[in-house]
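These notes are about the structure you will find just below.
The values are calculated or read from the model by the stated rules, or taken from the named source; none is laboratory data. The structure presented is a predicted model; accordingly, all values stated were derived computationally and were not measured. Because the Cβ atoms are built from the backbone with ideal geometry, glycine has one as well, and the counts that use them run over all protein chains shown.
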Amino acid sequence: MGSTMGRRLTCLHTHTCYCDGSGTVEDFCAAAVGKGLSAIGFSAHAPLATDPGVTGSADSGSANTGWHLPMERFAAYRAEVKAAKEKWAGKITVYLGLEADYIEGIASPARWNKHGLDYVIGAVHYIPTPKGALLEVDGDADSFRRLVHDHFAGDAAQVVRVYYRCVEKMAREGGFDILGHLDLVKKNNRDFFSLESPAYQETAAHAAAVIRDAQKEHGFAVEVNTGALARGTYPDTYPEAALLRLLPGIPFIITTDAHCPEHLGAGYERAIANLREAGYTESAFFEGRGADGKPEWSYAHLA
Ligand SMILES: [Zn+2]
Ligand SMILES: [Zn+2]
């Protein structure tokens, strides 16, 4: 953890073997305590109530939802995290959460508000295509190439616009506490679009304005997600400094999107540096939900 020792550290974005991560709830709690975290939250990919008909990454037409928590395991997941809360009390605060997809007309983070969860991360992983298919934006480079060429006639700027429109709709709808990996669409941008292009910047700035308005109503935080740094899939945080700069007044919570216990805390130095570069002096920490159901945040200086 280097010079982060002594700072207040938490991670509310984690995936265990209940979904597409490796390691148990117990493994994550033990590692989090070992790394000096004061809180850990579990955020399995929320079960999808119905098969959304996601087009397979190989265009097989089959559902491609192998990474979600199966609905029939949700009760066991909830029970195990609740048991960990008790077991680890006094050593680390354990939160029960989910990372819930926003897929217009199919899945919504708000759906999970009444399941006894401490918090929900809202995230867009799938976008609708002009042909009515549903495709992942964070697949590997080959699947992104197919998305752009086969479903958007090579128009990557349109993929970016559709992605951010989905994020905007999710933000307006609310029902989540943390907005997850805001600019995930950039994961495979290298061969398709530049983050410096006017088209990209205009689209991202539009989304940032919508998010600022929606946040005033709903109270959610935006995460500075270091998952791509931890996994080596993109050399920066989601979002990076340029986009963070467009979100003044928003609580920022640093998370790892850890898919194994070893990921916890990876890339936090970069997240802190990016927040500073964007002109911020504080990060936010989840303090539960208030009587109005909105999340409450405390703040600590970025030291
Ligand atoms: Zn995600
Ligand atoms: Zn995640």
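Does at least one position in the range 245-263 carry a residue that is among the small types (Gly, Ala, Ser) and in contact with a strand residue (DSSP E or B) (Cβ under 9 Å, 6 or more places away or on another chain)? Reasoning before the result, please.
Within the range 245-263, the subset among the small types (Gly, Ala, Ser) is 249, 258.
With in contact with a strand residue (DSSP E or B) (Cβ under 9 Å, 6 or more places away or on another chain) added as a condition, the list becomes 258.
Yes, there is a match, as at least one residue in the range 245-263 is among the small types (Gly, Ala, Ser) and in contact with a strand residue (DSSP E or B) (Cβ under 9 Å, 6 or more places away or on another chain).
State yes or no: is residue 227 within 16 Å of ligand 2 (Cβ to nearest atom), among the small types (Gly, Ala, Ser) and touching a residue at least 60 places away in the same chain (Cβ under 8 Å)? Full working, then the answer.
Details: within 16 Å of ligand 2 (Cβ to nearest atom): yes; among the small types (Gly, Ala, Ser): yes; touching a residue at least 60 places away in the same chain (Cβ under 8 Å): yes.
The answer is yes for residue 227.
Considering each of 144, 176 in turn, give the residue that is within 16 Å of ligand 1 (Cβ to nearest atom) and touching a Pro at 6+ places or on another chain (Cβ under 8 Å).
Going through 144, 176 in turn, the sole match is 176.
Name every residue in the range 107-122 that is within 16 Å of ligand 1 (Cβ to nearest atom) and part of a loop (DSSP other than H, G, I, E, B), in order of residue number.
Within the range 107-122, just 108 meets the criteria.
Could you look through the range 31-60, keep only residues that are farther than 16 Å from residue 137 by Cα, away from ligand 2 (no atom under 16 Å from the Cβ) and at pLDDT below 95, and pick out the one that is nearest to the chain's Cα centre (by Cα)?
The residue in question is 49.
How many residues, within the range 273-291, are out of contact with any helix residue (DSSP H, G or I) (no Cβ under 8 Å at 6 or more places or on another chain) and closer than 22 Å to residue 43 by Cα?
Residues that pass the stated criteria total 7.
Could you check residue 252 against (1) over 26 Å from residue 217 (Cβ atoms); (2) within 15 Å of the chain's Cα centre (by Cα); (3) not basic (Lys, Arg) and say which number it fails?
(1)
Restricting the search to the range 207-247, which residues are small (Gly, Ala, Ser) and away from ligand 1 (no atom under 16 Å from the Cβ)? Steps first, answer last, please.
Applying the first criterion (small (Gly, Ala, Ser)) to the range 207-247 yields 207-209, 214, 219, 221, 227-228, 230, 232, 241-242.
If the condition is that a residue be small (Gly, Ala, Ser) and away from ligand 1 (no atom under 16 Å from the Cβ), then 207, 208, 209, 214, 219, 232, 241, 242 are the ones that fit.
Quick one: in the range 123-158, which of the residues that are within 16 Å of ligand 2 (Cβ to nearest atom) and not in a loop (DSSP other than H, G, I, E, B) is surrounded by the most Cβ atoms within 10 Å (Cβ to Cβ)?
Narrowing the range 123-158 to residues within 16 Å of ligand 2 (Cβ to nearest atom): 123-126, 136-139.
This time we only want the ones that are not in a loop (DSSP other than H, G, I, E, B), so: 123, 126, 136.
Values: 123: 28, 126: 25, 136: 19.
Per the stated criteria, the residue is 123.
Got a sec? Which of 195, 147, 98, 134 is in contact with a strand residue (DSSP E or B) (Cβ under 7 Å, 6 or more places away or on another chain), of a type in the set (A, V, I, L, M) and at pLDDT 95 or above? Even if it seems obvious, please write down each step before you answer.
On the way: 195 fails: in contact with a strand residue (DSSP E or B) (Cβ under 7 Å, 6 or more places away or on another chain); 147 fails: at pLDDT 95 or above; 134 fails: at pLDDT 95 or above.
On inspection, the qualifying residue turns out to be 98.
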